[in-house]
Amino acid sequence: MSGREGGGGGTRGGFGRGRGRGGGRGGAKRGQRRRVDEKEWVPVTKLGRLVREDKIKSIEQIYLFSLPIKEHQIIDKLLPDSLKDDVMKIMPVQKQTSAGQRTRFKAVVVIGDSDGHVGLGVKCAKEVATAIRGAIVLAKLSIVPVRRGYWGARLGDPHTVPAKVSGKCGSVNTRLIPAPRGTGLIAAPVPRKLLALAGIEDIYMKSTGQTRTLANFVKATFYAIEKTYCFLTPDFWPQTKFLNAPFQEFSDYLQKPQEKKVPVAAS
């Protein structure tokens, strides 16, 4: 047998570097990556430690004290099964370098539970799958509460925005207007997905500017939804009796040193 025929090329006739299907470069790395994703979550922030130990049981406690969320596993713990994600757009972007043009992929992802929580993430990466995963993580970190209200009589569940709100990104201006029950989402197809994931059932929407720029259109709608909790309506006039912040309430637990687990090498 000659040297060419004895090479590790499999069905490729001995040419190349032996990267056949199922072996070589691809298989082992994919398996390693899967094991890394499935390892146990070790929080690195105080808020993550409190959430993992069930000291904080709802995301509303985090919003009440305006605590920053730095780990996406916190959202996975507090909203485990209700979140749904929707990839709005994947577009190639290019950068001119000395070696030529470098092409990457930009993903725009919206995530929500259709019950008052919605997030938006934008991520660039060399591969489409990596960009989508990164955008989902950023969307989880940017989840905000959505305040819903009534158009007329306070009957049934809240179904629309409580007041007129507007958002702007680039040249795109969006305005959300309350609508009667049964109207539906009177909006363009792009923001309609975002509004549905936010849990809004009836709304009128007005938009101006270059709405063909999908990323700016989605961001402007997201910024408008963020402002629903910025209005001080009579519902919020009664004096609120605040409790201790979680970091103060569980200060004794946070002072204890965290047990560091030694990672076990995969066989």
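The values are calculated or read from the model by the stated rules, or taken from the named source; none is laboratory data. Because the structure is a prediction, the values reported are computed rather than measured. Using ideal geometry, Cβ is built from the backbone for each residue, glycine included, and neighbour counts are taken over all protein chains shown. Protein only, heavy atoms only, side chains kept; ligands, DNA and RNA dropped before computing areas. Shrake-Rupley method; radii C 1.70, N 1.55, O 1.52, S 1.80 Å.
Below is a table of values for the structure above.
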| read-out | value |
| --- | --- |
| Criterion: under 23 Å from Phe222 (Cβ atoms), among the basic types (Lys, Arg) and touching a Ser or Thr at 6+ places or on another chain (Cβ under 7 Å) - qualifying residue of Lys70, Lys106 | Lys70 |
| Residue within the stretch 174-190 that is surrounded by fewer than 18 Cβ atoms within 10 Å (Cβ to Cβ) and either polar (S, T, N, Q) or closer than 30 Å to Pro43 by Cα (or both) present | yes |
| Some residue of the stretch 133-150 being open to solvent by less than 40 Å² (accessible area, probe 1.4 Å), closer than 30 Å to Glu201 by Cα and over 17 Å from the mean Cα position of the chain (by Cα) | yes |
| Checklist (1) exposed (fewer than 15 other Cβ atoms within 10 Å of the Cβ); (2) more than 25 Å from Ile200 (Cα to Cα); (3) in contact (Cβ under 8 Å) with a residue 24 or more places away in the chain applied to Ser82, failing item | (2) |
| Residues of the stretch 133-179 satisfying the condition of being touching a Pro at 6+ places or on another chain (Cβ under 6 Å) and of a type in the set (Val, Ile, Thr) | Thr160, Val161 |
| Residues of the stretch 158-189 satisfying the condition of being charged (D, E, K, R) and not in a strand (DSSP E or B) | Lys164, Arg181 |
| Qualifying residue in the stretch 219-235 (condition: open to solvent by less than 30 Å² (accessible area, probe 1.4 Å) and in contact with a His (Cβ under 8 Å, 6 or more places away or on another chain)) | no |
| Count of residues meeting criterion [open to solvent by 80 Å² or more (accessible area, probe 1.4 Å) and in contact with a Leu (Cβ under 8 Å, 6 or more places away or on another chain)] in the stretch 42-56 | 1 |
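One line per residue, one yes/no per condition, for (1) in contact (Cβ under 8 Å) with a residue 24 or more places away in the chain; (2) open to solvent by less than 50 Å² (accessible area, probe 1.4 Å); (3) of a type in the set (Asp, Glu):
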| residue | (1), (2), (3) |
| --- | --- |
| Pro68 | no, no, no |
| Ile74 | yes, yes, no |
| Ile90 | yes, no, no |
| Gln101 | no, no, no |
| Ala107 | yes, yes, no |
| Val110 | yes, yes, no |
| His117 | yes, yes, no |
| Ala131 | yes, yes, no |
